[in-house]
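Structure, as structure tokens:
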Amino acid sequence: MKNVLFSIGLLMFTAATQAGSVNDYYKIENIAAPKGLDLQIGGLTFLPDGRLAACFHRGEVYIYTPKTLQWTLFADGLHEPLGIVAEDNYTLVVMQRPELTRLRDTDRDGSADHYETISDRFGMTGNYHEFAFGPARDKVGNYYVGLNLASSGASIRPEIRGEFRHYGITREQFYKNHRAGSGRMYSATPFRGWILKIAPNGKTTPFAPGFRSPNGINFDSANRLWVTDNQGDWLGTSKLFHVEEGNFYGHPASLVWTGQWEVGRNPLKVPPAEFDAQRKRAAVLFPQGSMANSPTQMLTDTTDGKFGPFAKQLLVGEMNRPRILRILVDEVAGQTQGACLPFIDGGGLNRGMHRFAFAPDGSLWTGSTHLSWAGGSGLQRITWTGKTPMELAGMKLTERGFDLTFTHPLGNVEATQFEFQRYYYKYHQSYGSPQLGKETIGVTALKVGKTGKTISIALDKLNPGYVYQLTLKSVTAKDKTPALNTLVCYTLNTLTNGDDKAPHLIADSSSGGSTSKPVKAQPVKLTSYPQVLDAALAGRQGPSFDKRNGGFSGKGYADFNGQSGEHLEWIVNAHEAATYQLAFRYALAGGNRPLALKINGKLVQKSLPFNDTGDWTSWKDLITDATLQKGENQIRLESIGASGPNVDRLTLDRH
Amino acid sequence: MCGLLNNKMRSLTLAFLTLALPLFAAPLKLTLSTVPGLQFDKPRFTAEPGQEIELTFKNPDDMAHNLVFTKPGRRMAVVQATISLPPDPERIINHPAILTQTPTLKPNASAVLKFTAPKAKGIYPYVCTLPGHGLLMYGAMYVGKSMPDLAKDDHVPPMARAKGANTNLHAWPHRRPLMYRIFMPDASPAAIAVALPHGVSYCWDAGNCRLRYAWIGGFVDPMPVWRGNGNGLAKIIGNKFWTAPETPPLQVGHAQQKAEFKGYRIIKGHPEFHYTLNGLDVYEHITALSDGTGIIRNFRIPRIDSPLSVTPGHGEIDAEISKGVAVLSSNQAKAFTITHRHQHEK
């Protein structure tokens, strides 16, 4: 026993030494703030004079002088400000829920005396999820803001601002029963789900639709506009988009405000193939669970090396973990795509990494928030120690695979140290997507470049429409320093020859076909009651089997993919004909997704009401009765137009 | 000024005195002050049964107040009974539920009330019975009873309960004027709440550029919005005394009117709202009446060159009102005021 303990201790010690610590390279310190201030930070920016401006959850804007450690209140009373930029030392522009506002200190006394509305030319239903993000500013001073969709988990308010339009339902009807009209995140008033362009004088132009929750919006040093969006309906996983005017970025709710949308047409009834043909895919996907669950602001490293070896690269924050990611941008056949990897991970970093700004001295200032979700609060400052970590610094697609660039010359490497997998996320209206088509990809050739810092890798399969996930296995620099971060995910939309065809990304919802292979049920003999039948025992035509959302029992749960015609079926052998109680344990984050119940092919319940349980990790039983015959019975749940909940198990009981 | 007890109470107390003298606690000395916004500085205090009390009642507010102790559960009965009384600066009220009272105190006056706490354990309300005050300006004397959490105490006014619930909302001490852009009841999602001095507050709606309502008492409890992700409404603390009519307050000419919000300037801590009506600049600056009885809305329309129809709702304007509408000449419309006063509850 003693020996076992000893060797475990040794192992842990060795692992820690090998991995190194992010703090060897980056120092993270907490910045003290005024007592009584709710330190949920909506925006951060440095003024030309080197002071920091920050806006907070309860509507305050403070200015912090790093030299004197002094905080002064600049403005207050704002409505959930979620972004701030400085026009000069006395003028700040903030995006708050209802408008883009210019805060002006006209008498130079240190606090704003003029709150000028630059633009409020967009609608608000009062739904809590209608956050307003930005602004990003382009070279000539135009502002770009992102408007969230409303949550299907909540309604609109009796009074709204702006026009109401929602697929032929009146505002009063919708207010009383929004679930009847929404089902998914919705855009009931202009221009929810859009990026807007706002000129300094207030002229407001709809710029690009297709967003769900565009929390991060910013330009890089090459004047490209980037926007992050959050996993959910129509987003199989979280994404980073390179945004250009007029393109559609995938969430169809906002399309009702294009001016071309047929009034009354419900995007939820349109086959995804139609949207897929119009949409522009994300440049980078953040795999849910391993990379980011809620990406936030994007910021270019403009420090020219003061913040380390990644000048001009993009950084992106993450809400759920203490993590900042790096983006390795690649231009392939005229398209922007690329890879993401953890950059600063842990090491004393707060959770809820929401907003960032570089100080004139090249230190990175970070602000956290949570708004009652996963996240954190507080202000931190990160400085580079001057030591360069062993890291992947570049990843470029080639005809045969990838060219990788590291910060230091590589030690001896072989093909098995570069473990590739690929998978894809389905484009559909269901919430999120499992990783589909997951397979290991073989490395067929490996060649280290002259400097020793680059390596060319050839792969045995290279196709568009996949995330190529690379795990570095004990890859070290020549001096044996191990790579600090070892997981990287490249989003391959387009091959070097321009081929971007990826028909596997869309579900064929109209026919009920699915990317999940049909699975046969394992017949179960009923012996004692109550008897629990895991979803793993059921046959499936359409639903996939998953275990990403916690709280399930048994091996996992079934996840309906398409809208209708999919089924889940248990086969049980009853020793006598009788009425049995059927309890289906399920989870559903929002809306209603009724399923039909068929016993032995006969429809016994047209519409079993699977109502929302509040969360994908909240499981409830839906109980009904059914008569089973003696011998074999098929108990089938079938989707009837509204997809289905995640189904964990069936419990059979006798009365 | 000496304490006043009705005869019945006095004889009861005397009887109790002779029987239970050795158990008496030391006399209780305390000060109770008024606070602008129809509040007492102490929403409650405790006393022992039969304890001698020497209470100094101070009125630093800029309006008159009194202090009346009643029998348990009889505060509203006393308040209702006094509403119809004619104003009387020195009045003493005769009501069987009153234990003791001060006369009405002018601003900056004070009085000492000496009395004996009842021997019966209970929660004895105290209240200012001046018309309109009794619904908000009250507190509770806990005699021989322990007090619950302030945030959950139904015997204190809602604003005192809210104080118990949120003590530290910002990094600065509570101040008035104070402004929040926040989700408010009975307004569009682009609502603005402003707390003015003297306990008056209002809701101005940037969604349709108009004042929606005004209330007296505390300000708002913002926590239903701030606690989470915004899926809530701020809660008004106090009583609404004015609500806007459905008709827009200002109409230039007869054309369909489009209002656009332009923001606000801060003038001595108070916002002056700026909006346009069909392109015409309108400014509205709202302050509290200096006696705390309501609000005054100062309008400026510098470039108006045609008559203006004003629908003030229940309010005062220096013009003739016919069918709820006052028509101002373009000259009058360049600068005018509307006053809304706190109406006494009937």
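The values are calculated or read from the model by the stated rules, or taken from the named source; none is laboratory data. Treat the numbers as computed from the prediction; the structure is a model and nothing was measured. Neighbour counts are summed over all protein chains in view; Cβ atoms, including those assigned to glycine, are modelled from backbone coordinates with ideal geometry.
Structure above, values below:
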| item | result |
| --- | --- |
| Test: residue B:283 is within 10 Å of another protein chain (Cβ to nearest Cβ), within 22 Å of residue A:119 (Cα to Cα) and of a type in the set (Phe, Trp, Tyr) | no |
| Boolean, residue B:270 is within 11 Å of chain A (Cβ to nearest Cβ), modelled with pLDDT of 95 or more and in contact with a strand residue (DSSP E or B) (Cβ under 9 Å, 6 or more places away or on another chain) | no |
| Filtered residues of segment A:355-378 (kept if within 13 Å of chain B (Cβ to nearest Cβ) and either in contact (Cβ under 8 Å) with a residue 12 or more places away in the chain or outside any loop (DSSP other than H, G, I, E, B) (or both)) | A:369, A:370, A:371, A:373, A:374, A:375, A:377 |
| Some residue of segment A:166-178 being touching a residue at least 40 places away in the same chain (Cβ under 8 Å) and assigned to a strand (DSSP E or B) | no |
| Test for residue A:93: is it within 22 Å of residue B:260 (Cα to Cα), aliphatic (A, V, I, L, M), away from chain B (no Cβ under 11 Å) and more than 25 Å from the chain's Cα centre (by Cα) | yes |
| Scan of segment B:31-50 for residues that are part of a loop (DSSP other than H, G, I, E, B) and crowded, with 19+ Cβ neighbours inside 10 Å, ordered by number | B:37, B:38, B:43, B:49, B:50 |
| For residue B:245: the one exception among (1) surrounded by fewer than 20 Cβ atoms within 10 Å (Cβ to Cβ); (2) assigned to a strand (DSSP E or B) | (2) |
| Some residue of segment B:235-252 being at pLDDT 90 or above, farther than 30 Å from residue B:137 by Cβ and among the basic types (Lys, Arg) | no |
| Strands (runs of 3 or more DSSP E) (entirely within segment A:555-655) containing at least 2 residues that are touching a residue at least 40 places away in the same chain (Cβ under 8 Å) and out of contact with any Phe, Trp or Tyr (no Cβ under 7 Å at 6 or more places or on another chain) | A:557-559, A:564-574, A:578-587, A:595-599, A:620-628, A:631-640, A:646-654 |
| Within segment A:268-296, tally of residues that are more than 12 Å from the chain's Cα centre (by Cα) and either assigned to a loop (DSSP other than H, G, I, E, B) or in contact (Cβ under 8 Å) with a residue 40 or more places away in the chain (or both) | 11 |
| Filter result (within 14 Å of chain B (Cβ to nearest Cβ) and either among the hydroxyl-bearing types (Ser, Thr, Tyr) or surrounded by fewer than 21 Cβ atoms within 10 Å (Cβ to Cβ) (or both)) within segment A:160-170 | A:162, A:163, A:164 |
| Residue B:261 touching a residue at least 60 places away in the same chain (Cβ under 8 Å), more than 29 Å from residue B:64 (Cβ to Cβ) and crowded, with 16+ Cβ neighbours inside 10 Å | yes |
| Considering residues of segment B:201-242 that are of a type in the set (A, V, I, L, M) and not in a loop (DSSP other than H, G, I, E, B) only, the residue farthest from the other protein chains (Cβ to nearest Cβ) | B:216 |
| Residues that are surrounded by 13 or more Cβ atoms within 10 Å (Cβ to Cβ), modelled with pLDDT of 90 or more and not in a loop (DSSP other than H, G, I, E, B), drawn from segment A:507-536 | A:524, A:531, A:532, A:533, A:534, A:535, A:536 |
| Residue match in segment A:233-256 (condition: within 26 Å of residue A:505 (Cα to Cα), assigned to a strand (DSSP E or B), small (Gly, Ala, Ser) and modelled with pLDDT of 95 or more) | yes |
| Residue A:173 polar (S, T, N, Q) and within 13 Å of another protein chain (Cβ to nearest Cβ) | no |
| Matching residues, segment B:289-318, being among the aliphatic types (A, V, I, L, M) and at pLDDT 95 or above | B:295, B:296, B:301, B:304, B:308, B:310, B:317 |
| For residue B:120: the one exception among (1) farther than 22 Å from residue B:342 by Cα; (2) among the aliphatic types (A, V, I, L, M); (3) not assigned by TED's automatic domain parsing to the domain that holds residue B:30 | (3) |
| Tally, over segment A:70-109, of residues that are among the β-branched types (Val, Ile, Thr) and farther than 26 Å from residue A:298 by Cα | 2 |
| Matching residues, segment A:216-232, being in a strand (DSSP E or B) and buried (at least 19 other Cβ atoms within 10 Å of the Cβ) | A:217, A:218, A:225, A:226, A:227, A:228, A:229, A:232 |
| Candidates A:462, A:487, A:446, A:495, filtered to the one that is under 24 Å from the mean Cα position of the chain (by Cα) and surrounded by 14 or more Cβ atoms within 10 Å (Cβ to Cβ) | A:487 |
| Looking only at segment B:62-88, and only at residues there that are β-branched (Val, Ile, Thr) and within 22 Å of residue B:294 (Cβ to Cβ), the one that is modelled with the lowest pLDDT | B:83 |
| Selected residue (only one of B:211, B:196 is under 20 Å from residue B:292 (Cβ atoms), hydrophobic (A, V, I, L, M, F, W, C), touching a Cys at 6+ places or on another chain (Cβ under 8 Å) and assigned by TED's automatic domain parsing to the domain that holds residue B:259) | B:211 |
| Wholly within segment A:415-478, strands (runs of 3 or more DSSP E) carrying at least 1 residues that are farther than 23 Å from residue A:517 by Cβ | A:418-424, A:443-448, A:454-459, A:466-472 |
| Members of segment A:321-343 that are surrounded by fewer than 22 Cβ atoms within 10 Å (Cβ to Cβ) and in contact with a Ser or Thr (Cβ under 6 Å, 6 or more places away or on another chain) | A:332, A:333, A:335 |
| Flag if residue A:401 is under 29 Å from residue A:457 (Cβ atoms), crowded, with 19+ Cβ neighbours inside 10 Å and at pLDDT 95 or above | yes |
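Conditions (1) at pLDDT 95 or above; (2) more than 11 Å from chain B (Cβ to nearest Cβ); (3) buried (at least 23 other Cβ atoms within 10 Å of the Cβ), marked per residue:
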residue	(1), (2), (3)
A:115	yes, no, yes
A:126	yes, no, yes
A:131	yes, no, no
A:136	yes, yes, yes
A:139	yes, yes, no
A:143	yes, yes, yes
A:149	yes, yes, yes
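So that you can scan it fast, the table gives a plain yes or no per residue for (1) modelled with pLDDT under 95; (2) farther than 22 Å from residue A:198 by Cα; (3) more than 14 Å from chain B (Cβ to nearest Cβ):
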residue	(1), (2), (3)
A:10	yes, yes, yes
A:48	no, yes, yes
A:63	no, yes, no
A:69	no, yes, yes
A:78	no, no, no
A:85	no, no, yes
